[in-house]
Each structure stands twice: as C-alpha cells, then as structure tokens.
C-alpha cells in the first residue's frame, strides 16, 4: 500500500511541476476590442510583464487614436488558477476626442493564461471600477506572447522594474506605421539650400504658443527622430550629408496638428558658421521638407 502511495505521490509531483514553473514573464501583444455595439477605435497594445513569486510588475503600452501611451501597473499571478490580476490604473476613455484632449477612466484587468505547444495566450479584459463600470465598457484582449523577445531577467532587487532599455516592439510598429503614412503624404519643398558642410546641425522649435504639436523627423525619407513634442526648447539633430545622392532632404512629419492647426515650427539649420532660419508647416495631408545640395568646390 505504501508502495502505491509513493507512486501516486510521484505522479502528482510530476504533473504539478510544469504548473508551478509557469510564469507570465515576457512581452505580450494584443488588440483591445470594446464590448459595445457600433464602430470604435481599437486599443493596439503591448503588455510587458515581470513576475517574481506572486507579484507582477507590468508596463502597458497602447495606442489611442494617433498617440502612444504608457502606464505602469501592479498585479499578481495565481499559478494554480493561472490567473493574472492587474490592479486599478488609468486608461483613456474611449470617447475622448484625442490623447491630448482626453478623460481618464480607471480600470483593472483579469486574464487567464492558456498554454499550448504553439503559443501562450492571456485571455481576459479590462473592466471599469465602481465609478466607471456603467460608463466605460469592458475592453477584451487576447494577448499573445512574443517568441521573438527574450524573457525578462528577474533580479534580486525588490525595487526592480521591467527592463525597458530595449526598444519596445510596439514602438517598432509605430515606426512602420509612421513610415507608411510619410510615404502617403504630399511632400512640400519649403526651402532649397546650397551648403558646404558634410554634417549639418538642425534645431526645431514650436513657432508661437505651445499647443502640443508633435513631430517626427525624416532624413532622406528615413525616420531619424520619433514623435517629439515641439516646445521652446530646441530639438537638436546632427545629420551627415550623403554625397552619393543628387540632394538630401530633411522632412518634418506632423504626428498631430496640436490645438491650433496646422503643425508649425521654426527650423534653424547650421551650415558651419552660416545660419538659416526656415518656417515649417505640416499637417495630416502634407509634409514640409528642406532640400539640401552640396556646393561644388
């Protein structure tokens, strides 16, 4: 009898090991669908999870309309039930006109981990708290774990946060979307300059009142600066001139048009000791561009 009891104990121990070893560490991607009839914006999202024992620290990156937002969330993971619980956090209300002009509602998350030979999935939803549960519909997610992202390394320091030193894959998605939008917009030549320097320095400022204008910068049709808000403080870039091209182009891509359309900026360009000041104006249909040609020696 003791012999069979021992076998049963070992079998139970064997089958318990995978569950107890299961964690939710890693990068998870999904699209949040509002549980509401009609047409609404989806929430393209990335969930970066770091688990230590039962505690979970999370970073939620998500798109709302044309803006990328980030929240840091605390939570827990019940290994036996494979249940991930995320504590209350603010998320932009779905009827907000934009990320800049928005209202936050507080939601919490509950997800069940499903693991198969081909993929790992977190199924669940964000739901509103007592104040928002009637006005903010649930957002359902089917988060899939990225197999291309290395697992997060847990450290002994209890204050460690998820590793964000590597570029978020959601930001890479943003780059791809921005590159596509850039190619679809009309390119307007704001200025043509003949220059001497092999490297030019540019500075970008908001032209007038700060109204939340955000831009990206393209150099020779490649993204070199991603989504920065224009202020009275300079955005500075050093750009090496490519002499193999007939001309080089610096483009100011409008990520939005701020509170006062269009998206306007002052671009200062330094060609050695020579300084140029150019007014730039971009919107969601056209992109302002400066064309540079090297002077012949």
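The values are calculated or read from the model by the stated rules, or taken from the named source; none is laboratory data. What you are looking at is a predicted structure, and each value in this text was computed from that prediction instead of being measured. With ideal geometry, Cβ positions are generated from the backbone for all residues, glycine too; neighbour counts draw on all protein chains shown.
Restricting 146, 120, 135 to residues that are at pLDDT 70 or above, in contact with a helix residue (DSSP H, G or I) (Cβ under 7 Å, 6 or more places away or on another chain) and at negative phi narrows the list to 146. For segment 6-29, indicate whether the set of residues that are closer than 26 Å to residue 137 by Cβ, at pLDDT below 85 and within 19 Å of the chain's Cα centre (by Cα) is non-empty. Within segment 6-29, none of the residues are closer than 26 Å to residue 137 by Cβ, at pLDDT below 85 and within 19 Å of the chain's Cα centre (by Cα). Of everything in segment 211-245 that's touching a residue at least 40 places away in the same chain (Cβ under 8 Å) and closer than 13 Å to residue 293 by Cα, which residue is surrounded by the fewest Cβ atoms within 10 Å (Cβ to Cβ)? This residue is 243. Look at residue 239 and say whether it is under 15 Å from residue 287 (Cβ atoms), assigned by TED's automatic domain parsing to the domain that holds residue 285 and in contact with a strand residue (DSSP E or B) (Cβ under 7 Å, 6 or more places away or on another chain). Considered against the rule, which asks whether it is under 15 Å from residue 287 (Cβ atoms), assigned by TED's automatic domain parsing to the domain that holds residue 285 and in contact with a strand residue (DSSP E or B) (Cβ under 7 Å, 6 or more places away or on another chain), residue 239 comes out as no. Scanning segment 73-98 for residues that are within 22 Å of residue 63 (Cα to Cα), free of Cβ contacts under 8 Å to residues at least 60 places away in the same chain and assigned to a loop (DSSP other than H, G, I, E, B) turns up 93, 95, 96, 97.
Scan segment 250-263 and tell me whether some residue there is over 22 Å from residue 99 (Cα atoms) and in contact (Cβ under 8 Å) with a residue 60 or more places away in the chain. Within segment 250-263, one or more residues are over 22 Å from residue 99 (Cα atoms) and in contact (Cβ under 8 Å) with a residue 60 or more places away in the chain.
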